[in-house]
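Rule-based calculations on the coordinates, nothing more; no lab input. Just so you know, these numbers come straight off a predicted model, no measurement behind them. Methodologically, a virtual Cβ is constructed for each residue, glycine included, from the backbone with ideal geometry; neighbour enumeration extends over all protein chains shown.
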Amino acid sequence: MRIEQVHIYGFGKWQQQTFTFDAKPFIEIAGENESGKSTLRQFLLYILFGQSNKKLEPFRLKQGSSIGGRITISELIEQPVTIERIHQHNKGKATVLFEDGTEAGEEWLQEHVKGIDREQFEAIYTFDSHDLYHIHHLDHQTLNEVLLAVGMTGSDRIYQTEKQLEKQLANRFKPYARSQKSTNYCPN
């Protein structure tokens with residue numbers, strides 16, 4: 001999945017704003033403090049996964065546009081698709097627009113992001129300066145475990161299962177001291 005373009009109708013400080021991303025291997029959003037980087041990140045998450053009314057409150061506009069917008073994504077299927085979400089339209093659900101003019105709904109979107117939810121998406125695809133700060137303070141073993149967990153779909157379940165199996169193996173194959181009968185052997 002590659003984000004090609006973002007058009008924000010209204011979200012926090014952004015109103016009627018368009019961003020186009022070039023074809024680099026990853027998208028880097030950088031800028032001064034309070035320039036809207038985190039707001040743009042939250043907008044992308046909102047379009048892809050939705051958001052409750054309470055969590056949208058900080059991004060509500062005092063005047064003008066509705067909360068919402070659209071993003072154009074390639075590599076989700078063979079043709080680019082545009083995902084639109086407007087807070088008070090269509091019960092806040094996404095509409096997927098295809099190049100041929102047809103549309104699909106929220107269910108299609110969730111099916112084609114392969115069951116990844118917001119938390120998994122953030123863990124795999126997004127990070128900020130706070131996350132980078134915490135990485136510098138991880139020990140080698142913890143960092144290996146985090147990278148393993150983030151790198152696989154369904155990784156949390158796999159990680160927990162692996163830990164459970166290790167624990168069961170340790171319990172089953174603990175060395176136990178056995179008392180051995182002393183046998184004195186005296187050859188004649």
If I model a spin label at Ser74 and Thr18 as a point 7 Å from the Cα along the Cα→Cβ vector, what separation in nanometres do I get? 1.7 nm
How high is the relative contact order of region 2-115, in percent, with contacts defined as C-alpha pairs under 8 Å that are six or more residues apart? 25 percent
Distance cut-off 32 Å, Cα to Cα: go down the list Lys62/Lys91; Lys24/Lys93; Lys93/Lys163; Lys91/Lys163 and report the pairs above it. Lys93/Lys163; Lys91/Lys163
Sticking with the crude label model, points 7 Å out along Cα→Cβ, report the distance from Arg118 to Asn33 in nm, one decimal please. 2.7 nm
Out of Leu44, Gln63, Ile77 - ranked by how far each Cα lies towards the positive end of the dipole of region 2-115, with unit charges on the beta-carbon of charged residues - the top one is Gln63
